[in-house]
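Take a look at the structure below.
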Amino acid sequence: MDRKLTIMYFSPTDTTKKIVYAIAKGMGDDYVETVNLTDPQARSLNYSFQRDEIIIVGIPVYGGRIPGFLTPVLEKIKGEGTQAIFVAVYGNRAYEDALLELKNTLEENGFVGIAAGAFIGEHSYTKKLAAGRPDVQDIETAERFGREISEKIKGKITGNVTIKGDFPYKERKPAVPMAPDTSESCIQCGICAKYCPMEAISFSDAKKTDPSKCIRCSSCVKRCPQKAKAFHHEAFNKITEWLIENYSQVRCEPEWFI
Ligand SMILES: Cc1cc2nc3c(=O)[nH]c(=O)nc-3n(C[C@H](O)[C@H](O)[C@H](O)COP(=O)(O)O)c2cc1C
């Protein structure tokens, strides 16, 4: 392909990132730019895209929706009839209205959806749901999806992809403020603070996290080389137990719409 492809994603624990990169690889583009919206600074910028560009936008599913704080960020991304591929990555429970919400939000801003996919990533809360995913099989599926997108583009077929999801979207439940606890094994290496997408962890004391900023993305928990971070909040434990009981047995498979 000779057009500029932009891969744009929010991905605190890297599963969404792996999927969008695999899709781009399948598309076989050689002129690729990336925008990592996990970085707060990248979210503060404005983005606009021309008609002859193409964009992949990937987000993790939070509560069956796009992460709430990302809505205003996505709303300021402007297209001009720019072709877009929408990607939602979820933790083996359900993606519900997230993909539709992503599509609607960007199509209202001048993008034309040509394909959309829901993929599975290890659940942010527990390894008991989708451990190690995306796995080799998921990555191959994502690359195959990319190749199909590329065929669609070559065939000059455009627009009007129909995807799953309901409107009005699933109601967002107010989040209980919480933050992970840090054990004595913390060595203050600062990796957690550096990668926290919400700048919720103090750079001077990595044991301090602002519960009003924390979105429970688990980036700090999963990245800590000392395994010093964990959520012990009652509400967190309750949700995690419910997830394990109901969604750890069946393997969800990727779905795509093209
Ligand atoms: C606050 C929150 C809410 C979540 N809600 C859902 C959900 O509704 N359905 C689901 O299957 N997974 C859910 N997950 C799991 C993530 O969608 C999943 O782990 C995803 O792979 C994380 O993407 P990332 O690696 O790009 O951060 C949730 C995770 C978090 C942190």
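The values are calculated or read from the model by the stated rules, or taken from the named source; none is laboratory data. Only a predicted model underlies this, so the values are computations on that prediction, with no experimental measurement involved. Cβ coordinates were reconstructed from backbone atoms using ideal geometry, including for glycine residues, and neighbour counts include every protein chain displayed. To get the accessible areas, we keep the full protein, side chains included, count just its heavy atoms, and leave off ligands, DNA and RNA. Shrake-Rupley method; radii C 1.70, N 1.55, O 1.52, S 1.80 Å.
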Exclusive hit being within 27 Å of F119 (Cβ to Cβ), touching a His at 6+ places or on another chain (Cβ under 9 Å) and open to solvent by less than 20 Å² (accessible area, probe 1.4 Å), set P180, P197: P180
Here are some residues: V57, V112, V32. Which one is of a type outside the set (F, W, Y), within 16 Å of the ligand (Cβ to nearest atom) and at negative phi? V57
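Hand me the list of helices (runs of 4 or more DSSP H) wholly inside segment 1-103 holding 2 or more residues that are within 11 Å of the chain's Cα centre (by Cα).
Details: elements: 15-27, 40-43, 71-75.
So the answer is 15-27.
How many residues are surrounded by fewer than 16 Cβ atoms within 10 Å (Cβ to Cβ) and closer than 14 Å to P211 by Cα when one looks only at segment 223-233? Write out each step before concluding.
Going residue by residue through segment 223-233, those that are surrounded by fewer than 16 Cβ atoms within 10 Å (Cβ to Cβ) are 225-227, 230, 232.
Then drop every residue that is not closer than 14 Å to P211 by Cα, which leaves 230, 232.
So the answer is 2.
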